[in-house]
Amino acid sequence: MPRPTLSKRAAELLAVLARTYPDAHCELDFTNPLELLMATILSAQCTDVRVNQVTRRLFVRCRTAADYASIPQEELEALVQPTGFFRAKARHLKQCASTLLELHAGEVPRSLEALTKLPGVGRKTANVVLGDAFGTPEGVVVDTHVQRLSRRLGLSKHSTPEKIELDLMRLVPREHWARLSHWLIWHGRRRCDARKPDCAHCELAALCPSAGEGASGIGRKATVKRSAPATRQRQTQAKTG
Ligand code: SF4
């Protein structure tokens, strides 16, 4: 039997993912675009569970962009400390809020171009906000799960988020861009673990070119051993985006 084309297989994958995860959604807690923006900045190199623990208190203390701009740096650092890279993240939150006040009357802008000009905000964060707070994604959020799953599922041969995003945008209709990320993230967390993918019970196995014993070697980030000074240096520079 001839193999289905990539676009046909992608459509079948989407259908199975939609059936498997009908409730897939952003696992960061938020009630408005500003909260999602700040939570997403904090989520760099941190779990959503940890971020939600932190924002439960943070969002009581800071409700508006003006609150973030005026809160003392030390107080903000203490609040966000459990998310790691807390000095840089606190600085980004304050700078981001100040820019929102200066350029957008304290409101979160609704375009990728304006969002990515905010301090601490890269394309990934901007697309999270556009997709989940406004329902108008301008791209696909490619995090570590989406990166790995795209490779394993044969949706992209590339390894950089930028190129993977372009492949996904070409393959998947725009109306599914926001949900596609959630589907892949949920599948990555629940079934297709980086080190131990559960291919034997995977709902996508029949459509996945990586199904089987070799899957764990595909799409994983290379582990880089860091020296102590390099690790310390990283503490001063949160990777956001
Ligand atoms: S079959 Fe295996 S490698 Fe493919 S998506 Fe499922 S768990 Fe991941």
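Just so it is clear, none of the values below were taken in a lab; they were calculated from the coordinates. Values in this document were obtained by computation on a predicted structure and should not be read as measured data. No Cβ is skipped: glycine too gets one built from the backbone with ideal geometry, and neighbour counts run over all protein chains shown.
Please state the charge dipole magnitude for the chain, taken about the Cα centre, from unit charges on C-beta atoms (+1 on K and R, -1 on D and E), reported in debye and rounded to the nearest 20.
Charge dipole, the chain, about its Cα centre: 980 debye, nearest 20.
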If you keep only loop residues by DSSP, which GluC sites (Glu not before Pro) in segment 73-156 have at most 14 other Cβ atoms within 10 Å of their Cβ?
Glu107
Percentage, to the nearest whole number, of Cα pairs in segment 34-193 over 25 Å apart:
33
To test your reading of the geometry: what angle, between 0 and 90 degrees and rounded to tens, separates the Cα axis of helix 6-20 from the longest principal axis of the chain?
70
Select from Met38, Ile218, Pro72 the residue farthest towards the positive end of the dipole of the chain; place +1 on Cβ of Lys and Arg, -1 on Cβ of Asp and Glu, and compute about the Cα centre.
Ile218
Taking alpha-carbon centroids only, segment 1-65 lies from segment 89-160 a number of Å equal to 12
In degrees between 0 and 90, to the nearest 10, how far off the longest principal axis of the chain does helix 86-104 point, with axes built from Cα atoms?
80
Starting with the fewest neighbours, write out Lys94, Lys163 ranked by other beta-carbon atoms found within 10 Å of each beta-carbon.
Lys163, Lys94
Give me Met169, Met38 sorted ascending by neighbouring Cβ count inside 10 Å, so fewest comes first.
Met169, Met38
Using Cα-Cα distances under 8 Å and only pairs 6 or more residues apart, what relative contact order does segment 33-132 have, in percent?
30
Which value, in debye to the nearest 20, gives the size of the charge dipole of segment 33-132 about its Cα centre, when Lys and Arg are +1 and Asp and Glu are -1 at the Cβ?
200
